[in-house]
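Before we start, here is the structure in question, set down as structure tokens.
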Amino acid sequence: EARVKGVALSVELKAEEDDRLSNCNLNIKQVLPNLLNENVTFTYSLSVENIVNYIYSSDETLQLVAIHNYIDLLNKTIYDGSINDLVNDDIVSRSIELLDNHHNCRLQIEIIRVLIFMSLGTFKQMQSIIKYGAIPKLVKLLNSTEHYITQDIVISLGNIIKNRPYARDIALSHAILPRLAKLINSKISMIFTRHVVRTMFHVCKKSNPPLSFEMIKPVLPVFSYLLTIPNQSIISNTCWILAYLTEGCENNTRSLLGTGILPQVLGCLMCKEKNIFRPALRTIAHIVELGNIYETNAVISAGGLSHLCTFLRNHYMDEDIVVEIVSAIYKMVNTKEQIQCVISAGLLPLLIKILQFGEEEARHIVAWTVMDIIAEGSIEQLNELLNAGLLSIFYNLLEANDHNIVINALDCLIEILRAAEKVGQMEKFITMIKDAGILDKMETIQYQHDDLIYEVYSNTHAFLRGFVYY
């Protein structure tokens, strides 16, 4: 098992190295002509004791030899499958200390290689580099003007921060987000951009409470640009970042809306890749879940309901997706104007279809949506709902084995009659209900042995008895 894990880790390291060098077309000997000392002969197979002695030497050549030997030892533990906790506190602490040696970029590069190896290694190795203060030094080095250094630092920080809230908090306290944002521009390579966004994703990943507006403010301007880059990984991670930042945080949400990014997020709903449309949908849901008119109207004005209608048609058979979509729609039927937008987007027939044939959770949410439309909408909007086929499915809903569905149907019926009563059209609507066979079906409900259903039936029956038409 250890050998299999070792091979997997070595492949990951090799992939990182190949990805970093080949895709960026970097030739270290060309990039660092003054940093490579061709006369240095590296002595391999030093003992750990000699590595410690070399690295604590004031001779930078010996320090470099020590670092190379330590990398070689780390590499051997991976390739021979041992994956042991090769951690020497003296070597690790001294290596991190030498990151401050800004005039020797070659030494910095090799130390960062050590940190990349260890960040992909064991828990003990990871804890060691955090313990001895690697994160603040690496974040500071993001300001380096040397591209080949910053790319490796970004990779290392992403590995260290991944799924470690305490490590992320250290990085945030040293202003990692604005430094990452400064790296993003049209001049850097696609692969470098991908690494930066990946690290930014780990920094912004779901937290409780969410990152504050003050923390995310520096990165807000880059999101719109990132969504224009034709790379699935970059767009997916950007959408997930937006989803994390908008969850339960009104300040963050309003600030993001202020950047004009909403149409781009809605456009991501039309992507075929689930790792793009899923976080985009989650972002839209978080925006409308705040329940504020400003945010909800912003989504509607950007064409959100039309996008959701198309999206719902495309993913009608995906239960989890349907639940998220109808949950978002449910949050957008608070006023007559919003209800009219739902109707104009062509959503009513789809909602009625889900109410009849959908899975349980989606049916409940649609039932609440229908009741809100009835309660908040105009009589014309109620007629639109009935014309979409609402009454025709009530009969079947009253036969359902799930008592919650029956109760929701009866509740909807009462809301319809109350709305009709307000505008003096009670007789018309009771006639429609009779013609649909719903009143006859209601009579059979009183014989059910479910106390909740009988209670709701009794309330509905009592309500109807107040009118001579019944």
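Viscosity 1.306 mPa s, temperature 10 °C: what is the translational diffusion coefficient of segment 96-156 from Stokes-Einstein with a Kirkwood Rh over Cα pairs, rounded to a whole number of µm²/s?
In µm²/s, the coefficient is 138.
Using a Debye calculation, one point per C-alpha and no hydration shell, please list log10 I(q)/I(0) for segment 48-160 at q = 0.23 Å⁻¹ in order.
Cα-only, vacuum Debye calculation for segment 48-160: -1.39.
I've got another one for you. With Cβ to Cβ distances under 12 Å as the rule, what net charge do the other residues near Gln340 carry (K, R +1; D, E -1)?
Charge balance in the 12 Å sphere: -3.
Which order do His202, His195 fall in if you start with the one that has the fewest other Cβ atoms within 10 Å?
Ascending Cβ contact count within 10 Å gives the list His202, His195.
Please report Rg over Rh for segment 303-378, where both radii come from the alpha carbon positions and Rh follows the Kirkwood definition.
Over the Cα atoms of segment 303-378, Rg/Rh equals 0.93.
Another question, if that's okay. How far apart, in nanometres, would the label points at Arg164 and Met190 be if each is projected 7 angstrom from Cα along the Cα-to-Cβ direction?
The two pseudo-label positions are separated by 3.1 nm.
For the pair Thr310 and Asp100, how long in nm is the line joining their label points, each one 7 Å along Cα→Cβ?
So the two model labels end up 5.7 nm from each other.
May I pose another question? Translational diffusion coefficient of segment 195-329 at 20 °C, 1.002 mPa s, Stokes-Einstein with Kirkwood Rh over Cα pairs, in µm²/s as a whole number.
It comes out at roughly 145 µm²/s.
Could you work out the Kirkwood radius for segment 225-301, taking every pair of different alpha carbons, averaging 1/r and inverting it, reported in Å?
Computed over Cα pairs of segment 225-301, the Kirkwood hydrodynamic radius comes out at 12.2 Å.
Next question. If each residue's Cβ is checked for other Cβ atoms within 10 Å, how do Trp240, Trp368 rank with the fewest at the top?
On the way: Trp240 22, Trp368 16.
Final ranking by Cβ density, sparse to dense: Trp368, Trp240.
Could you give the length gained on full extension between Glu250 and Ile293, defined as 0.36 nm per residue of separation minus the Cα-Cα distance, in nm?
14.3 nm
In what sequence, highest mean first, do 412-422, 63-73 appear when ranked by Cβ atoms within 10 angstrom?
63-73, 412-422
Another question, then. Could you work out how far the C-alpha centroid of segment 225-278 sits from that of segment 135-213, in angstrom?
Rounded to whole Å, the Cα centres lie 18 Å apart.
When the expected Rg is taken as 2.2 N^0.38 Å, what fraction or multiple of it is the alpha-carbon Rg of segment 191-248?
Numbers: Rg = 10.9 Å, N = 58, 2.2 N^0.38 = 10.3 Å.
Computed over Cα atoms of segment 191-248, the ratio equals 1.06.
Readers should treat all values here as calculations from the given coordinates under stated rules, not as data from a laboratory. Please read all numbers here as calculations on a predicted model, not as lab measurements. In this analysis, Cβ positions are derived from the backbone assuming ideal geometry, glycine residues included, and neighbour counts consider all displayed protein chains.
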